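One structure is given here, and the rest of the page talks about it.
None of the figures in this text is laboratory data; all of them are computed from the coordinates on show. Just so we're clear, the structure is a prediction, and the values are computed from it rather than from any experiment. Cβ sites come from the backbone with ideal geometry, for glycine too, and all protein chains shown count toward neighbours.
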Amino acid sequence: MLVDHLRRSRTELPLPSADDLGARAPAIDAVAVRDVLDRLPEQQRRLLTLVYFDGFSLVEVAAMTGRSVTSIKTAVWRARAAFADMYGAAR
């Protein structure tokens with residue numbers, strides 16, 4: 001009963017707008033992401049695309065590539081690090 005009362009009586013705070021947070025326009029970010037992906041080596045680009053854009057799990061990617069899950073985890077980690085370095089340099 002007390003929990004119900006607390007849930008009903010709480011107030012919701014308004015979320016700040018994207019402009020207030022200094023967020024960049026999504027279209028600009030999408031172009032920058034595609035540019036960085038295009039500059040990555042083919043294997044890294046393929047892994048990041050399979051995991052983050054196509055939504056495959058690490059186990060599924062391992063099965064598709066014939067590699068171990070541990071190997072895929074390491075390769076995705078390295079690909080993410082390379083992407084972050086390039087994306088940070090591009091900004």
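Between the residues GLY55, ALA30, SER68, the greatest Cα displacement towards the positive end of the dipole of region 25-90, with unit charges on the Cβ of Lys, Arg, Asp and Glu, is found for SER68.
Label sites at THR65 and ARG10, each approximated as a point 7 angstrom past Cα along Cα to Cβ, lie 4.1 nm apart. Kirkwood analysis of the Cα pair distances in region 25-90 returns a hydrodynamic radius of 12.3 Å.
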